[in-house]
Amino acid sequence: DQDITVLSIRTTQRTGGTAGGQFSISGTRFVNANVTAGSTDCLVTTASGATITVNGNITGGSSVGADGFNAFQASGTITIIGNITGGSASTAYGLSIAGASTTSTITGTCTGGSSSSAHGVRYDGGATHTINGDLVGATGNGVSLGGSQSGITSLTINGNPTNNRAFISTTSGAVVINLTGDITGTGSAGNVSAGAVTANITINCGSYKIIGGTAGTSYAVNASSGRTGINGTVQAGTGSSAVITGNGVLIINGNVNGVGSQHGLSFTGGGSSVFIKGDVSTGSSTGD
């Protein structure tokens, strides 16, 4: 019921204490603290219209569904200044936002947790969201969009998706990624992936590139579903294509370059529609 400045708030078990409980925000508040979930959600709000600022790192928990910060108010503004990390249990998100009219801004790195679907940030709704920072995939995604809510107006990421499954879209919300560095592929799922036919992702490369990885099938972008637009250069890696597409719509406004025996772009299915406005060059091997 007040603004706070402390080292941390947490629902983990300290020596002599008991895990559990939660910290509930009922209105506009400033929380200057690191937020760590244990067996339950740590920070929770249902306060519609509230402006909530967290200045500190947020970490998901060790039990299923234990979020670091669970923001499911119908409307309001969420501002996070700090890094966000998913937990060690399934669906233990660092930050979860579900309010249909909630806007948010994150300034920090969003990292997936050590368990499947323990995403750093999970958007199940909201209006306009902005991330000023990198996305790092682990077992969980750096950022994930839920398929149950299609009302997300836009998600803008000013950063660089790294590692496999750094970002996956499973909703119809429009996603814009403005790169602050090259995307280099690290896994078959793609560092950036459109995970549903309704997904709409645009990647603005600027002076950077989308590059394949060193190992086989280490794609930077998986465009096998939905619509993926790339404004910039696509370049094969030493061991993998940069972009894979199977049944999605892929629009490349830039050059596509092969390297050695690797393709800049690979097709795995017959349902893709591909449009390229730029030069297409082969690698050193005939036919590539």
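The values are calculated or read from the model by the stated rules, or taken from the named source; none is laboratory data. Note that the structure is a prediction, hence the values are computed from the model and not measured. No Cβ is skipped: glycine too gets one built from the backbone with ideal geometry, and neighbour counts run over all protein chains shown. Calculation scope for accessible area: heavy atoms of the full protein, side chains included, ligands and nucleic acids excluded. Shrake-Rupley method; radii C 1.70, N 1.55, O 1.52, S 1.80 Å.
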statement: The correct count of residues that are on the phi < 0 side of the Ramachandran plot and surrounded by 24 or more Cβ atoms within 10 Å (Cβ to Cβ) in the stretch 187-202 is 6
Leading residue by the ranking (least open to solvent (accessible area, probe 1.4 Å)) among those in the stretch 203-218 that are assigned to a strand (DSSP E or B) and either farther than 18 Å from N158 by Cβ or polar (S, T, N, Q) (or both): I211
task: Could you please find all residues in the stretch 80-90 being in a strand (DSSP E or B) and open to solvent by less than 40 Å² (accessible area, probe 1.4 Å)?
output: I80, I84
- line: Only one of (1) more than 21 Å from I52 (Cα to Cα); (2) at pLDDT 95 or above; (3) open to solvent by less than 40 Å² (accessible area, probe 1.4 Å) does not apply to G140, and that is (2)
Subset of the stretch 219-236 [assigned to a loop (DSSP other than H, G, I, E, B) and either modelled with pLDDT of 95 or more or open to solvent by 40 Å² or more (accessible area, probe 1.4 Å) (or both)]: A220, A236
- request: Scan the stretch 9-41 for residues that are polar (S, T, N, Q) and part of a strand (DSSP E or B) and report the count.
  value: 4
- prompt: Do we find a residue being more than 21 Å from D134 (Cβ to Cβ), surrounded by fewer than 20 Cβ atoms within 10 Å (Cβ to Cβ), among the charged types (D, E, K, R) and out of contact with any Pro (no Cβ under 6 Å at 6 or more places or on another chain) anywhere in the stretch 34-50?
  reply: no
message: Given the criterion at negative phi, at pLDDT 95 or above and buried (at least 18 other Cβ atoms within 10 Å of the Cβ), identify the matching residue among Y123, Y93.
response: Y93
message: So, in the stretch 53-67, how many residues would count as being without any contact (Cβ under 8 Å) to a residue 40 or more places away in the chain, out of contact with any Phe, Trp or Tyr (no Cβ under 7 Å at 6 or more places or on another chain) and surrounded by 20 or more Cβ atoms within 10 Å (Cβ to Cβ)?
response: 2
- prompt: Would you call S104 open to solvent by 10 Å² or more (accessible area, probe 1.4 Å), touching a residue at least 24 places away in the same chain (Cβ under 8 Å) and of a type in the set (S, T, Y)?
  reply: no
Matching residues, the stretch 68-79, being open to solvent by less than 10 Å² (accessible area, probe 1.4 Å) and in a loop (DSSP other than H, G, I, E, B): G68, Q73
- prompt: When the stretch 4-33 is examined, which residues are found to be open to solvent by less than 60 Å² (accessible area, probe 1.4 Å) and touching a strand residue (DSSP E or B) at 6+ places or on another chain (Cβ under 7 Å)?
  reply: I4, S8, I9, T12, I25, G27, V31, N32, A33
